[in-house]
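A.B. asks: Pasting a structure below so you can have a look.
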Amino acid sequence: MEPKTILITRRLPGVPFEILSGRFRAGASPPDTAMSREEFLRRAAGAAGILCTLADRVDAVLLDAAGPGLKVVSNFAVGVNNIDIPEATRRGVRVCNTPDVLTDATADLGFALLLAAARRFSEAGRFLREGRWTGWDPWGLLGMPVAGKTLGIVGMGKIGSAAAQRARGFSMRVLYHARHPLSPERERELAASHRDLDALLSESDFVMLCVPLTVQTRGLISRERLARMKPTAVLVNIARGEVVDEGAMAEALSERRLFAAGLDVYEKEPQVHPGLLLAPSAVLLPHLGSATVEAREGMGRLATENLVAVLEGREPPCPVN
Ligand code: GLV
């Protein structure tokens, strides 16, 4: 029997291309940088399995280009908003992702952003490097306290719950909003109370976004919802940029209707809204949520297992559809 063809769109930690290409037909080795759309469409043709990243759009056009032999799209990410799931499902293509292995890394980064934004790390670092520091200043760069304050978590899945666990170490009161509230036991374990979204936004000193990007969550934090937040509040986004109205957030920061923002994700990555680049109170990271060696190797391992399982006719460890 002809070996199955696979496409790996990029060289990835934990994805053993040489081993895989010994078992499947894998073509040229994956590039070090993101594949262009044209190359993705071209190289997908005839593939039985695709292992891709969140920068690769898997839509009807790509699925057509791959052809009817495609069995699995294994995403090197937990978020699958780059993949048209209903379209894949309609064609019988399994979609898989990489949860769990990146939960701690992402929740750690969320907390790092929370602290950095509250205590003005970006602004303070720039101030020092630019040689503007003339000595200890009792009035200089005062930030917001974290310990004992209220954290509102939007999206209480694995990453949101891991953020709630971290919040306990800072003696924070934890509110959360989720489509499906947790069981009373889990709420007790996490010391978290459910709120509707508007109440959470107006009660919280810190709001952390941990929802997947879906039709329901796109634009969830709209201009009107941002206006519900306290002017002393800090917004942290470790979910997806499209969950927030970025222009409205930049305006709220520049008009000091929001104290600060800690952002890892953007509406049009790798572009960042110019208003955010100009806002001293925005701490901006280049989508680093899962960026530890351990997490990325775990993602690669899981993405590989998902791909191979489906191609061998087994149930994958992390199916999405
Ligand atoms: C990263 O954003 C991921 O979804 O894994």
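The values are calculated or read from the model by the stated rules, or taken from the named source; none is laboratory data. Quick caveat: nothing in here was measured; it's all calculated off a predicted structure. Note that each Cβ is placed from the backbone with ideal geometry, even for glycine, and that neighbours are counted across all protein chains shown. Ligands, DNA and RNA are excluded from the accessible area calculation, which covers all protein heavy atoms including side chains. Shrake-Rupley method; radii C 1.70, N 1.55, O 1.52, S 1.80 Å.
A.B. asks: Got a sec? Charge dipole of the range 164-277, +1 on Cβ for Lys and Arg, -1 for Asp and Glu; which of GLY169, TYR266, ILE238 is way out at the positive end?
C.D. replies: GLY169
A.B. asks: I would also like to ask the following. Over the chain, with a Gaussian network built from C-alpha contacts below 10 Å, which listed residue (THR304, THR217, THR98) shows the highest mean-square fluctuation?
C.D. replies: THR217
A.B. asks: Taking a probe of 1.4 angstrom, what is the accessible area of LYS268 in Å², to the nearest 10?
C.D. replies: Rounded to the nearest 10, the figure is 120 Å².
A.B. asks: Excluding residues fewer than 8 places away in the same chain, name every one of the lysines whose C-alpha is closer than 24 Å to that of LYS230.
C.D. replies: Cα-Cα hits under 24 Å: LYS149.
A.B. asks: Would you be so kind as to identify all helices of the chain, as entire DSSP H runs, whose Cα atoms reach 15 Å or more along the helix's own axis and whose mean Kyte-Doolittle hydropathy is at least 1.0? Mind dumping the intermediate values first?
C.D. replies: Numbers: long enough: 103-118 (22 Å, 1.25); 158-168 (16 Å, -0.54); 293-311 (27 Å, 0.36).
What comes out of the filter, once short or polar helices are dropped, is 103-118.
A.B. asks: Can you give me the Cα centroid spacing of the range 1-40 and the range 92-155 in angstrom?
C.D. replies: Cα centroid of the range 1-40 versus Cα centroid of the range 92-155: 36 Å apart.
A.B. asks: To continue, here is another question. Can you tell me the relative contact order of the range 103-284? Whole percent, Cα pairs under 8 Å, sequence separation 6 or more.
C.D. replies: 22
A.B. asks: R0 = 25 Å: FRET efficiency of GLU39 with LEU277, Cβ-based, nearest 0.05? Before the final figure, lay out each step's value.
C.D. replies: Numbers: r = 30 Å, r/R0 = 1.20.
With R0 = 25 Å, the Cβ-Cβ based efficiency is 0.25.
A.B. asks: What percent do you get for the relative contact order of the chain when only Cα pairs under 8 Å and 6+ apart count?
C.D. replies: Here the relative contact order equals 20 percent.
A.B. asks: A further question follows. Keeping every protein chain in place, order GLU312, GLU87 by accessible area at 1.4 Å, biggest value first, i.e. largest first.
C.D. replies: GLU312, GLU87
A.B. asks: To continue, here is another question. About the Cα centre of the chain, what is the dipole size in debye to 20, counting +1 per Lys and Arg Cβ and -1 per Asp and Glu Cβ, all else neutral?
C.D. replies: 140
A.B. asks: While we're looking at this one, here's another question. Could you please state how large a percent of the accessible area of the range 103-284 is carbon and sulfur, counting protein chains only and using a 1.4 Å probe?
C.D. replies: Numbers: 4930 of 9050 Å².
It is 55 percent, rounded to a whole number.
A.B. asks: Quick one: accessible area per residue over the chain, 1.4 Å probe, rounded to a whole number of Å²?
C.D. replies: Each residue of the chain exposes 49 Å² on average to a 1.4 Å probe.
A.B. asks: If the cut-off is 16 Å between C-alpha atoms, which lysines fall inside it for LYS71, apart from same-chain ones fewer than 8 positions away?
C.D. replies: List returned: LYS4.
A.B. asks: Residue separation times 0.36 nm, minus the C-alpha to C-alpha distance between ARG25 and ARG179: what's the value? It would help to have the intermediate numbers written out before the result.
C.D. replies: Numbers: separation 154, 0.36 × 154 = 55.44 nm, distance 4.24 nm.
Answer, rounded to one decimal: 51.2 nm.
A.B. asks: Hey, got the dipole for the range 74-148? About the Cα centre, +1 on K and R Cβ, -1 on D and E Cβ, debye to the nearest 20?
C.D. replies: Numbers: 8 positive and 8 negative charges, 32 e Å.
Once rounded to the nearest 20, the dipole reads 160 debye.
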